[in-house]
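Single-structure report; data block below.
Here, each number is a calculation from the coordinates, and none is a lab measurement. Source: prediction; values computed, not measured. Methodologically, a virtual Cβ is constructed for each residue, glycine included, from the backbone with ideal geometry; neighbour enumeration extends over all protein chains shown.
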Amino acid sequence: MALPPSAPADGALFRLTGVGYEYAPGIEALAGVDLRIDRGDRLAVLGANGSGKSTLLKLLAGLVQPTVGAVEAFGSRLDAEALGDETAAQRFRRRVGIVFQSADAQLFSPTVRDEVAFGPLHLELTRDEVLTRVDDTLAMLGLTALAGRAPYNLSGGEKKKVALASVLSINPEVLMLDEPTNGLDPRTQEWLIELLGELGGAGKTIVVATHQLDLLERLADRAIVLGEDHRPAADRGLADVLDDRDLLLAVNLIHEHAHHHGRLLHSHPHAHPPGLEHHGEEQPEHDHRHGRSPHDD
Ligand SMILES: Nc1ncnc2c1ncn2[C@@H]1O[C@H](COP(=O)(O)OP(=O)(O)OP(=O)(O)O)[C@@H](O)[C@H]1O
Ligand SMILES: [Mg+2]
């Protein structure tokens, strides 16, 4: 079954119906997902560690197929049969780019330049167009000086930038980014957020998975929130989700309590490891030593 080149008239790029996924029998990673993504949506996938964010992105990118339910992309069923058709699969991969949570899982070429060229070489571009696109993408990400280096020898943040470059060089219409700002220095984070803002403004569809709530308002307009039971707890406008303290507490995305940062005590919403939740507002706020203070010794 070939994927048709254009989306159906109602504009839905992706439609997930009753989707569930198990990595092994009885080990649920995602369940009960009904989701629609329209052209130009900027969707955040939120949830605590292990809630299923990366799994949802992999399903949307056609890297895994649902155990139950159906994924439709661009008006056709995205299943093993569709992705087994090489032409259709290639067309899909040009339209949907994914940047993995772990850059190590993404990088496979002998040099940074080869890595960034891999996608464009598979597009219908002339040799000069490929070279220009690769050079432009390397320059845009500040990677020009690293072009001849082996990706596996780079620092974590540098690898992340190469992974981003390898997807941006394809210029896909849908961008899936799994924890994109993790491990990036402040300037690169800011650069990426601005770039994603521009791409969103230019009509790209952007799906970002994260458990970090800061920065999010600049990245997304809407959020699907996954609970620790791997099921959607909400799918609403981002501002509405971020204002819903009870929801964020219930899914373990915030926890309000006081911290010491060195000698400074303050409190703020805080992501918390599963199983260590505090219950109810009435509990007295307590101090929580966070890492080592300069006076620990
Ligand atoms: N390759 C795998 N094999 C078996 N189970 C897996 C595998 N990958 C993920 N899981 C399980 O599936 C569930 C969802 O994992 P997933 O990676 O989608 O979560 P996540 O929300 O992205 O978490 P994180 O915030 O830590 O990135 C978890 O319970 C996880 O242990
Ligand atoms: Mg993940």
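Rounded to 0.05, the FRET efficiency of the Glu194 and Asp221 pair, given R0 = 22 Å and the Cβ-Cβ distance, is 0.85. Each principal axis of the Cα atoms in the stretch 12-250 has its own extent, and those three values, largest first, are 49, 42, 33 angstrom.
A simple spin-label model places the labels of Ala105 and Ala70 2.7 nm from each other, with each point 7 Å out along Cα-to-Cβ.
Here the calculated FRET efficiency for Asp235 and Asp135, from their Cβ-Cβ distance with R0 = 41 Å, stands at 0.50, rounded to the nearest 0.05. For Ser166, Ser109, Ser54, the sequence from fewest to most other C-beta atoms within 10 Å is Ser109, Ser54, Ser166.
Within the stretch 1-152, the proportion of C-alpha pairs whose separation exceeds 21 Å stands at 55%. At a Cα cut-off below 16 Å, give the aspartates and glutamates reachable from Lys160, other chains included and same-chain residues fewer than 8 away excluded. Reachable aspartates and glutamates: Asp104, Asp114, Glu115, Asp178, Glu179, Asp185, Glu190. Take the Cα of Arg77, step 7 Å toward its Cβ, do the same at Asn182, and the gap between the two points is 3.3 nm. For chymotrypsin sites (Phe, Trp or Tyr not before Pro), the sites in the stretch 65-116 that DSSP calls loop and that have at most 14 other Cβ atoms within 10 Å are Phe108.
When Glu129, Glu173, Glu124 are arranged by Cβ crowding within 10 Å, least crowded first, meaning fewest neighbours, the order is Glu124, Glu129, Glu173. Taking the convex hull of the alpha carbon positions in the stretch 79-158 and averaging its projected area over all directions gives 6.1 nm². Put in order of Cβ neighbour count within 10 Å, fewest first, the listed residues Asp185, Asp38 become Asp185, Asp38.
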